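Inspection log for the structure reproduced underneath, given as structure tokens.
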Amino acid sequence: MATKVLDSWALLAFFEDEPAADAVEKLLQQAADEKHKILLCAVNWGEIYYNTLRRVSQAAADQKAREIALLPVEIVGVGDDLALVRQAAIFKATKHMSYADCFAAALAKLKNAELVTGDPEFKQVERDVRISWLHD
């Protein structure tokens, strides 16, 4: 079964019904049908939470957390996985990317998974990570 990693850009596009929402919805349906596995780094979960909290409200952020919990997405914690933290730190030190995005890229690299995003910041890691580009 193929593994895909979503970054916060992809899930926010889905939740906000942006043009890429249909493609993300299709991926989620395929994961529900067990055609592939979808991962989301806990750091990127936090990015969705804080963006919603900042832009809308605490209640909206809590609601978004409940919605994510219902999706066929496995949240991958950082915990004591220093390999994940190390790879994210390498990307942060060598690329001009947000630290949260570095975690999504690191997770995709370590799991040999395809990263699903529309965030142009990830162009910097195209040589390191397979990317499936979503379009606005």
Quiz item: Among (1) in contact with a Cys (Cβ under 6 Å, 6 or more places away or on another chain); (2) under 20 Å from residue 123 (Cα atoms), which single condition is residue 76 missing?
Solution: (2)
Quiz item: Quick one: is residue 78 touching a strand residue (DSSP E or B) at 6+ places or on another chain (Cβ under 6 Å) and among the hydrophobic types (A, V, I, L, M, F, W, C)?
Solution: no
Quiz item: Based on what the data block shows, is residue 11 crowded, with 20+ Cβ neighbours inside 10 Å, assigned to a strand (DSSP E or B), of a type outside the set (Lys, Arg) and modelled with pLDDT of 95 or more?
Solution: no
Practice problem: Among the strands (runs of 3 or more DSSP E) lying completely within region 17-136, list those that include at least 2 residues that are crowded, with 20+ Cβ neighbours inside 10 Å. | Solution: 36-41, 114-117
Exercise. Considering only region 100-136, state which residues are more than 18 Å from residue 75 (Cβ to Cβ) and aliphatic (A, V, I, L, M).
Key: 125, 129, 131, 134
Practice problem: Output the number of residues of region 52-68 satisfying the condition of being of a type outside the set (D, E, K, R) and either at pLDDT below 95 or more than 22 Å from residue 25 (Cβ to Cβ) (or both). | Solution: 4
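The values are calculated or read from the model by the stated rules, or taken from the named source; none is laboratory data. Keep in mind it's a predicted model, so treat the numbers as computed, not measured. Note: ideal-geometry Cβ built from the backbone for every residue, glycine included; neighbour counts use all protein chains shown.
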